[in-house]
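Working notes, structure below.
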Amino acid sequence: MQTFARRISRVKPRLATSISRSNHSHGPQQSSTDGQPRTASFGFKTVPEDQKEYLVKNVFDSVASKYDLMNDATSFGVHRLWKDAFVSQLRPGRNGPMKCIDVAGGTGDIALRILDYARENYYDRETSVDVVDINAQMLKEGFKRFKQTMYHNTPQISFNESNAQELGTEKFEDNTYDLYTIAFGIRNCTSIPDVLKEAHRVLKPGGTFACLEFSRVNNPLLNTLYDQYSFTVIPLLGTILAGDRDSYQYLVESIRKFPPQPEFARMIRDAGFATGKDVDGGAWTDQWGGIACIHTGVKI
């Protein structure tokens, strides 16, 4: 694993598709205004804020090798359609080569879609994606995937181990990227406002923030059916296919704790982005009745 986590020198071009790590301090544990340690949700549990990152890391260490298999099983493959719609809506390469960052993108499925879309639709072989994830095991899976593609060992792809809440200014400079994507990852972060703040910092003025995330189902009947499926079938599949019920129980619970569409849109605007109106088709685009949702904003 050390060879993946180590930054490889540029004098070795055959290893250009390597994983680099940004080293930075997370600082001391913060306290609330009454002097008590801050807390965060970990699924339906409330935990000290400084413990959530460790707990989430354990979840994704556990599921990394079966992550794509479980996504296919629990969504009947529909997650692939949502990701296709996500990238198609963004149309990377339409206005020329883009510099993109895909955060919480360890397995590389969004990055691969971005590069394929730009190449297949606009003959673009210059758009690049920096994949960022806090979890080395997830990055290892993405690195393995890209070894089978034409983008391996090219400047179009890189893998970087870093925290979405504190990317680090040395590796990820201000006003650098045309497109920031994060798919099914932001709900696992301890501080969503900090993630949005970092996204705003690294994007160029006029750059696009795009988030694909599970969201709130507004149809009562669909919501009831979705709840029943989520809390019974998904943890059971986790047990059968991955030998890990607890991780998939957490993932289901984390979806329910994520802010509904209008609230998340306000958080995006609070970070300095401009969005459309607070309606489906404006600030966000619902997928399958709101089971998933695409949020976008533009850096002012």
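Things to note:
- Filter result (touching a residue at least 24 places away in the same chain (Cβ under 8 Å) and assigned to a helix (DSSP H, G or I)) within the range 95-132: D109, I110, A111, L112, R113, I114, L115, Y117, A118, R119, N121, Y122
- If you filter the range 126-145 down to residues that are of a type outside the set (V, I, T) and within 16 Å of D178 (Cα to Cα), you find that the one that is surrounded by the fewest Cβ atoms within 10 Å (Cβ to Cβ) is E126.
- Residue within the range 281-289 that is over 15 Å from F184 (Cβ atoms), among the polar types (S, T, N, Q), at pLDDT 95 or above and not in a strand (DSSP E or B) present: no
- Of all residues in the range 150-172, those that are free of Cβ contacts under 8 Å to residues at least 40 places away in the same chain have Cβ atoms under 6 Å from Cβ atoms of residues that are surrounded by fewer than 21 Cβ atoms within 10 Å (Cβ to Cβ) and assigned to a loop (DSSP other than H, G, I, E, B), 6 or more apart or on another chain, in Q165/S191.
- The one condition from (1) surrounded by 14 or more Cβ atoms within 10 Å (Cβ to Cβ); (2) in contact with a helix residue (DSSP H, G or I) (Cβ under 7 Å, 6 or more places away or on another chain) that N218 does not meet is (1).
- Note on the range 242-300: residues that are out of contact with any His (no Cβ under 7 Å at 6 or more places or on another chain), in contact (Cβ under 8 Å) with a residue 24 or more places away in the chain and within 18 Å of L196 (Cβ to Cβ) total 17.
- Filter result for A265 (under 30 Å from R91 (Cα atoms), among the hydrophobic types (A, V, I, L, M, F, W, C) and either surrounded by fewer than 16 Cβ atoms within 10 Å (Cβ to Cβ) or within 22 Å of the chain's Cα centre (by Cα) (or both)): yes
- T232 in a helix (DSSP H, G or I) and either in contact (Cβ under 8 Å) with a residue 60 or more places away in the chain or more than 21 Å from Q165 (Cα to Cα) (or both): yes
- Meets criteria (surrounded by 14 or more Cβ atoms within 10 Å (Cβ to Cβ), under 19 Å from A183 (Cα atoms) and acidic (D, E)) for D278: no
- V217 falls short on exactly one of the conditions (1) part of a loop (DSSP other than H, G, I, E, B); (2) under 20 Å from M138 (Cα atoms); (3) among the aliphatic types (A, V, I, L, M), and that condition is (2).
- Test: residue in the range 194-205 that is charged (D, E, K, R), surrounded by fewer than 21 Cβ atoms within 10 Å (Cβ to Cβ), touching an Asp or Glu at 6+ places or on another chain (Cβ under 8 Å) and assigned to a helix (DSSP H, G or I): yes
The values are calculated or read from the model by the stated rules, or taken from the named source; none is laboratory data. As the structure is a prediction and not an experimental result, all values here were calculated from the model. Using ideal geometry, Cβ is built from the backbone for each residue, glycine included, and neighbour counts are taken over all protein chains shown.
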